[in-house]
Structure formats: structure tokens, C-alpha cells
1. Straight distance only, please: which aspartates and glutamates reach the Cα of LYS267 with their own Cα at less than 20 Å, same-chain residues fewer than 8 apart left out?
2. So, R0 is 51 Å and r is the distance between the beta-carbons of ARG298 and LYS267; what FRET efficiency does that work out to, to 0.05?
3. Zone of GLU75 (label point 7 Å along Cα→Cβ, backbone N under 19 Å): which residues in the range 119-141?
4. Please grab the % of Cα pairs in the range 230-340 that end up more than 20 Å from each other.
5. In whole percent, what relative contact order does the range 79-236 give with Cα contacts below 8 Å and a gap of six or more residues?
6. Solvent-accessible area per residue for the chain at a 1.4 Å probe radius, Å²?
7. Antiparallel DSSP bridges in the range 43-194: what percent, to the nearest 5?
8. With springs only between Cα atoms under 10 Å, which of ARG76, ARG223, ARG125 fluctuates most in a Gaussian network model of the chain?
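The values are calculated or read from the model by the stated rules, or taken from the named source; none is laboratory data. These figures come from a predicted structure and were not determined experimentally. Backbone-built Cβ (ideal geometry, glycine too); neighbour counts: all protein chains shown. Just so you know, the surface numbers come from the protein's heavy atoms only, side chains and all, with ligands and any DNA or RNA stripped out. Shrake-Rupley method; radii C 1.70, N 1.55, O 1.52, S 1.80 Å.
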Amino acid sequence: MKAAYSVPGSGVVKLREVEVPKIDDGELLVKMRAVGICGTDLEKVYGKPITPPMLGHEVVGDIVDSRAEGYVVGERVFAHHHVSCGKCYYCYHGDYTMCPLFLKTTIIPCGFAEYFKVPRINVERGAVLKIPDHVSDEEAIFIEPVGCALKGVKRSGFKPGMSVSITGVGPMGAIFIKLFKAFGASFIAAADLVPFRIDLAKRIGANVALNPREEDFAEACKRETDGRGVDIAVLATPSVKALPTALSTLRKGGVLLIFGAPEKGEKSLLDFSYIFLREISIITSYSTSELETNLALRLISSGVIRFSDLITHKFKLSEIDEAFKVAHDPHKSMKVMIVA
Ligand SMILES: [Zn+2]
Ligand SMILES: [Zn+2]
């Protein structure tokens, strides 16, 4: 079978011939149907990644072989690649993505493959979710990214009526806009450098969307919040350069949510006195646990929010290199989907 691989930072994704994985007791073999390209996948191919090297984790497929109880051949599933142990210090404290097991777990060989194996630990820890018939593959590939965003929303302390700013309108920024809108934000401001993304932000619910190099983003936020600034600012881009922009939109006592995974070693000079005197909280949110992937599936299944309109391109697995090039160009694409 074919599976994708890339030398980190090479800018090239290739397919190679590998053996279809053999499964043991407790494991599943899944035939890939659809998989989304994530910003962290792009980072693995083009940048200096800080996340594990496996490509393709927003993946949906059909079970073609099962040695796990409760799962049968033919069921369509989402399989989360990372799971926590549930019995360590971090898990007891609810910090599931900090569990030492979390980054060691994976699907084999990766999501951009004709088939992949779901290891026993992933199955046992509830990482495999059955997708209801009425949920399309196009919606189901959003289970993992929406789970990540739901965790970010929770960690930010957001409550209905609050005002928010989103710096960076890639697929994750767009998901945040949709969630905050549905969850009752009183004001949503978005900033991006790309006109197509600014237009999209407005279309999906941002009250204000602009290019921060052309207009004053902080001023635009203050105008709508009695001069205070927003309650929560989300940095939804891996670019640390955008951090001061996000920070500038915050009210005193506000929360800065760092969401986009920065490249390894990225540093930022922040004015500590500014942060201290304003009692700014800096929160980060990395990945997602089964807590949120389950919520994400229920949210998607309910149809309350649609995410598939963020898909701008579909490619076959055989076109994966081209798909990555398109996904890497913010002027051309939003969510890029790979199909079998
Ligand atoms: Zn992702
Ligand atoms: Zn643990």
C-alpha cells in the first residue's frame, strides 16, 4: 500500500510503498477515507516542527479488520492518534495532553496512508469514535481540529457575552470564529494578512476583520468594547511575530490564548511591565483529549455548526505533494482534504 512520508523541513511529501500493517489482539485496521491537512502537518514538512513526526491525524476511515471488542468491520470511525494513560500525575490533574504516554502514541504508519493500524492502547483509551451515518466525511475530518479548539475555548475561560479577538484566520482561526459565534460571543474581531482570509472571517461571523498592517487592530477592538479591548485574544497562528498584535487587543485582566504551535526555539520579547500591570493571563493550549473529541463529534453531529464550508480543496492521496503545496499557500486555500 501507499503511505506518505516527508523529511522534516524538506518541503517535499512523497508516497512510498509499505506493508499493510498486521494487527494483533485489541487492534483495528482502518482503510482511510478522508484526512485533513493540519497546520502542524505543514510545519512538519516546511518548518522546524515541535510536534511528533507522524503526518495526518485528522483522519476518518472504514474498519476493514477488527480484533477489538465492540468494533466491527464496516464501521466508519475517527481515530485519534494520541491518547493519555489515565493513571499518572498529569492525568489525575486533568492535564491529559501532558501525559508522558500522549506523545508516544500514534496510528501506524500515518493518516496519509491507504490503511492504518490503530494500536490497542488507543482503542482501549477511547480514541476510536464511530461516526453516525448522517455525518459526512467532510464534516468528520473536523473532529480533531474542533476538539483542539474546544479545549482552547475551555482553557481561555470564555463565557457567553465575552468579546474576543482572533489573530490569524487559517483553518483553526476560522474554527474559533465559528465556535465563539455559536457560543454567544458579544463581539468577534479577526485579523489576517491575506484578503481572502479576511473576507472569510467576515462571512463566518467576525464583526470586524481586517489586515493589521493596514488598519489598527487594537483600535478596532477598543472601539467596540467601550475603549477597553477584548476579554480574550487568541493567537491562532504559529507566527510569534503576531503575538504583540494579539496582545494589543486585550483589555486589562484579559486572557491571551496561545494556540498556534510555534516553531522550535521561537522567542518573543514581551513588555513584562505591560503584562504585569494589566494582569494579563497567558494561557496555552496544545492538542486535544478524548474529552473534547467526543464533544466535537456530538457538536458536529448535531449540525449546530457546519465546518465543511472551510474546505477549499480536495486531492487524492496520489496527489499529496501538490495538496501540501496548495495548503501551504494562504492565498489559495483554507482547509485541504485528502481522499482515498
Ligand atoms: Zn491538527
Ligand atoms: Zn497519564
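1. GLU43
2. Computed FRET efficiency for ARG298 and LYS267 comes out at 0.85.
3. 119-137, 140-141, by backbone N distance to the label point.
4. Details: 3715 of 6105 pairs.
Here the tail beyond 20 Å accounts for 61 percent of pairs.
5. In percent, rounded to a whole number, it is 17.
6. Heavy-atom accessible area per residue stands at 44 Å².
7. 60 percent
8. ARG223
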